[in-house]
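Remarks on the structure that follows.
The values are calculated or read from the model by the stated rules, or taken from the named source; none is laboratory data. All figures in this text were calculated on a predicted structure; none of them were measured in a lab. Cβ coordinates were reconstructed from backbone atoms using ideal geometry, including for glycine residues, and neighbour counts include every protein chain displayed.
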Amino acid sequence: MNSSSITMSFVLSQKGKPLLVMDDYVFRLNKTTNTTKYYRCENRDCTATAHTDLNNVLLKVDADPSHERATKENTPIPKIYEEESAKMILKFSTIAILPSQREMSSSLNKARRLETPPIPDSQIFDIPYLYTRTIKNEEFLCVDKFIKGKTRILLFASNEQLKMLFQNSIVLMDGTFSTCPKLFGKVFTIHSIKYEQSFISGIELLPDRKKSTYRFVFEELEGLAVRMNLVFSPSTIITDFEPSLAEAIISEFTSSNHIDCYFHFTQAVYRQIQRLGLSSGYCSDESIRMTCRKRMALLLLPYSVLLKCFEDLYESVLLTSSSALDSLKPLFEYYENYWVKTIGIKRWNVYGIRIKTNNNAE
């Protein structure tokens, strides 16, 4: 509804039949019983109904006539419900019996889905104007380009989100595949830290996970920063251990400190514990569990002493007479060959880093 308030009135149609008018919406009398009048929206495609007593006092509304907002706006359904409820000029007794937001969500979401365009089956499609704007009607789709004329990249962010991103010294990056539209390869998100909380600052739909694709995204963001008279050059970037993303970050942000997520590190180590068949020992043997946890905690030590502590811990396993600890040798070999020699200590050493994980971006 467009008016600032919703009012009720009763009029007669040209044929002399009673009509219930709520703002610009008209309900026709459907039937009358000994105690109740039942009204139905005159729009046959709408399921909205209203009940009054014989004295025209509203008893019940099964669906808010503001259903049109649900189909023509991208405003969240709960917000529409709150705004339209606040506009109603009704008695307190009537307000008390209005359906709750949860009760109305199903019908309003159904109406919205019926108006939502079908999911495209190719990357050549037009994005409805509604989905290129924020609920404040500000620009939201800031990048829509094809790479080499074949694959499409979409970047969604408001000016407020971009400003927060470019002015932030710590940036979190993450991605997901399970909820990614089938026409794209990854949903990539970038987050900023403000008030000790993580705020999403950009959503990108990417065709793949190539280094060149990530570099394209970073270059576009750098261009957006220039247009806003800002610079996209965070001091710290926290990600998971995706190799192509790491390579792109190293190429584009030469002065930034790239840190891999501490949680993802411990998760990867525990997966290796499972692969080596050490799960039962980890759960039942205190010496195995403590040794594994000490190794996971090495990341929290200063860089200058980390390698020495790892070597001491490894040596204690190599020299042990315990058959239980002897079973950990393959795990330490994996740690040394992959995390120390391949990835490099500086990538996963989080000593002195205030934010050690990008879990808030998950």
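The listed residues are T254, T266, and the only one of them that is of a type in the set (V, I, T), out of contact with any strand residue (DSSP E or B) (no Cβ under 6 Å at 6 or more places or on another chain) and in the same structural domain as L328 (by TED's automatic domain parsing) turns out to be T266. Which pairs turn up if I take residues in region 190-218 that are closer than 24 Å to I250 by Cβ and look for partners that are surrounded by fewer than 20 Cβ atoms within 10 Å (Cβ to Cβ) and of a type in the set (K, R) with beta carbon separation below 7 Å, at least 6 apart in sequence or on another chain? The qualifying pairs are L206/K186; P207/R152; R209/K186. Filtering K294, K308 for residues that are more than 30 Å from H191 (Cα to Cα), charged (D, E, K, R), in contact with a Leu (Cβ under 7 Å, 6 or more places away or on another chain) and not assigned by TED's automatic domain parsing to the domain that holds Q197 leaves a single hit, K294.
Here is a yes/no grid of residues against (1) modelled with pLDDT under 95; (2) over 17 Å from L155 (Cβ atoms):
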position	(1), (2)
K210	yes, no
Y214	no, no
L221	no, no
V231	no, yes
A248	no, no
S251	yes, yes
T254	yes, yes
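Take the residues in region 306-362 that are assigned to a loop (DSSP other than H, G, I, E, B) and among the basic types (K, R); name whichever of them is surrounded by the fewest Cβ atoms within 10 Å (Cβ to Cβ). That would be R354.
Quick one: would you say S244 is of a type in the set (G, A, S), touching a helix residue (DSSP H, G or I) at 6+ places or on another chain (Cβ under 8 Å) and closer than 29 Å to N349 by Cα? So S244 fits the description; yes. Restricting the first member to region 317-330 and to residues that are closer than 17 Å to G277 by Cα, and the second to residues that are part of a helix (DSSP H, G or I) and not β-branched (V, I, T), the beta-carbon pairs closer than 8 Å and six or more apart or on different chains are A324/G281; A324/S287; L325/S287; L325/S316; S327/G281; L328/C292; K329/L318. All told, F146 meets the bar of being within 17 Å of G223 (Cβ to Cβ), of a type outside the set (V, I, T) and surrounded by fewer than 13 Cβ atoms within 10 Å (Cβ to Cβ). Filtering region 202-245 to residues that are in contact with a Leu (Cβ under 8 Å, 6 or more places away or on another chain), among the hydroxyl-bearing types (S, T, Y) and closer than 28 Å to R354 by Cα leaves Y214, T239.
Filter region 120-143 down to residues that are part of a loop (DSSP other than H, G, I, E, B) and touching a strand residue (DSSP E or B) at 6+ places or on another chain (Cβ under 7 Å) and give me whichever is surrounded by the most Cβ atoms within 10 Å (Cβ to Cβ).
First, pick out the residues of region 120-143 that are part of a loop (DSSP other than H, G, I, E, B): 120-128, 134-138, 140.
Filter once more, so that each one left must be touching a strand residue (DSSP E or B) at 6+ places or on another chain (Cβ under 7 Å): 123, 127, 140.
Details: Q123: 15, I127: 13, F140: 19.
That would be F140.
For region 137-159, the tally of residues that are at pLDDT 90 or above and over 19 Å from M228 (Cβ atoms) stands at 4.
Give the residues of region 192-223 that are part of a strand (DSSP E or B) and aromatic (F, W, Y), sorted by residue number. Working first, answer last.
So the first thing to find is which residues in region 192-223 are part of a strand (DSSP E or B), and the list is 192-194, 197-206.
Correct list: F199 only.
Set side by side, the residues S287, S322 differ, and just one is at pLDDT below 85 and hydroxyl-bearing (S, T, Y), which is S322. Restricting attention to region 271-296, the residues that are free of Cβ contacts under 8 Å to residues at least 24 places away in the same chain and either under 12 Å from W348 (Cβ atoms) or touching a Cys at 6+ places or on another chain (Cβ under 8 Å) (or both) total 2. Among the residues of region 151-186, those that are touching a residue at least 12 places away in the same chain (Cβ under 8 Å) and assigned to a loop (DSSP other than H, G, I, E, B) comprise A157, S158, Q167, N168, S169, C180, P181, K182, L183, F184, G185. Among residues that are in the same structural domain as L245 (by TED's automatic domain parsing) and buried (at least 20 other Cβ atoms within 10 Å of the Cβ), E204 is included.
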